[in-house]
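Any read-out appearing in this document is the output of simple, stated calculations on the displayed coordinates, not a laboratory observation. If you're wondering where the values come from, they're calculated on a predicted model, not measured in any experiment. With ideal geometry, Cβ positions are generated from the backbone for all residues, glycine too; neighbour counts draw on all protein chains shown.
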Amino acid sequence: MSAIWVVAGHAGSREYAKAEMLADELTQNLPNFTVTKQMLRPSQWDDWLARMNENHGWRHEDSPLIYRLLGEGSTAGALAGTGTTLSPSDRYPKVIGDYTAFASYAKEYYGVEQNLGDDDVDLVVQGNLESQQGGGEEEKSAGGEEGGAGAKLTLGIHNAASAVAYQLLWRVAKGQVFNANTVVDLVLYDVAEQSDRVQGVKMEIDDCILPAVGSITCTSDLQELAKAEAVVVSCGAIGLRSVGGPDLDDAAINEMAAVGEALESAENAAKVVVYGQGCNAAASVIAGKAPSVPKANITTLTRPDESRAKACVAAKLSEGVDATDLKINGSDVKNVAVWGGDSDLLTPDTSAAVVVGIGSTDGGGAATTLASALRNPDFVVDGPKTRDLEGVLKPEELLGWVRERDALLQTKRKGYQPSMLVAKSVADHLETWFKGGAAAQYWTSAGVWSEGNTYGAPEGLYFSFPTSAAEGALSIVEGLEIGREMRIEINAAGEAQKAKTDAALEKVGLPATPAYTPPEPPAPPATEEEKDGGDDGDGY
């Protein structure tokens, strides 16, 4: 197993500049050489280094700090400047030291020497400093208040002992969610009975020694969780699927009320994403109990259903295509909307969907509307033309795939929740929300506050819409056409969501949402007989 190298330093450091150039050279010449860079602002370096030394028992004093992570099966050898012999079966981080130790190691083990002039180093330092000054505004939403490279963010995880949290935390700790140079301080919350499991999660993150993680706090105090800048909330089992109307879990509703009260008490306008069955009703309870938190700062997760819809579309597009490398992946499908309420009535909409990379082996190419792709059996550049598809994706195919997928997964996995999909979806949701510096080319879906929406959804609650991210905010995409069938689905979802939300609000003493009158669906298309004018009045 190859080593993962971490090169950390501050932008004004000449030694860091030399170290990152050496790391780049090694990466280019050694296929298994993997580097993670961590460039901080000069003003942040001392605090960051002190935390790293304290957390890991190091005594490093200056920029850069270079260390590597070794896995099982790594090649034994001596670390430059340490005199330490590595055991092939050990798994641990080892400090290489400063640039001099790094350069010595590169020469001894890889035969790579670096010859740099002062002018070369000065240019890199100047570029590093300018990138931070110029990127501060652009990266502010991705890294918290201070913005830019080396920014800090506090992320609170509710129900931190869960499988979803476990998988989400790995992506956060790897730097895959927020800006690559953002140091994330974690607040892991769960009930006191789960404290040992949460401590175990902390120990694993500590042992992974990933540079995107700062401090880790384990707590069973909601007030501590509520102080975070971003909070991921699991709503438990609110609104489980039922035939006879809303079926609400009192304990889960009360927990959401407590989360809202903690946010209000903390006087912290955190960004909150709520996931789980019944997340829209849960978000309304949180918002009702935290009136000082802007409604736009609370969102709900509907990405899992969007992802399932895209997978369904990709499978349909790939029917009959024998060339495996030319089959469509769900990630190539864009602009799939998810409308509606809690999971039993979330409605996928592919009317504006496009597919990227059709007819290309490398994923490139222009976007093609889904309707065009479905009608065209020749979208691959080679391979037999065996597809015979209609120009539409039948509603029962898409709705059945999306709405029943969760139950089918649990049957296949013997009752286990689909934590991998949910964790990925939470990570994607956070990444879109926090990195939204400019409007993206394609939009995604999220549950947001419905006030003022132009699509005929109920007002005053959380509802899933197609959304775009800009300047760290999610906003509803405007101007999409709503056909008759989709109008009927959105109306049904709106009525059901209002009922579920009102029932949850009533249980915690909050007022009901405004009255809702669903818009009339457009008239059905005229029949051929109606188009021909029908009877002429004489009976002939």
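Quick look at the numbers
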{"item": "Nitroxide proxy distance, nm - points 7 Å out along Cα→Cβ at SER292 and SER265", "result": "1.3 nm"}
{"item": "Net charge over other residues, Cβ less than 14 angstrom from the Cβ of SER13 (K, R count +1; D, E count -1)", "result": "-3"}
{"item": "Between the range 462-476 and the range 31-46, the Cα center-to-center distance that results, in Å", "result": "32 Å"}
{"item": "Cα-centre dipole for the range 146-301 with unit charges at Cβ (Lys and Arg positive, Asp and Glu negative), debye to 20", "result": "560 debye"}
{"item": "Segment GLU478-LYS107, length gained on full extension (0.36 nm per residue, minus Cα span)", "result": "127.7 nm"}
{"item": "Charge tally in the Cβ shell below 14 Å around ALA515, where Lys, Arg are +1 and Asp, Glu are -1, ALA515 excluded", "result": "-2"}
{"item": "Label point distance in nm, GLU471-THR527, each placed 7 Å from Cα along Cα→Cβ", "result": "5.3 nm"}
{"item": "Cβ-based net charge around LEU421, under 15 Å, with every Lys or Arg adding one and every Asp or Glu removing one", "result": "+4"}
{"item": "Simple label model, 7 Å out from Cα along Cβ direction - GLU54 to GLN199, nm", "result": "2.0 nm"}
{"item": "In sequence order, calculated HN-Hα J values of the range 280-295 (Karplus, 6.51, -1.76, 1.60; Hz; x Gly/Pro)", "result": "5, 4, 4, 5, 5, 5, 4, 4, x, 8, 10, x, 7, 7, x, 4"}
{"item": "Distant alpha-carbon pairs in the range 146-301 (separation over 19 angstrom), percent", "result": "53 percent"}
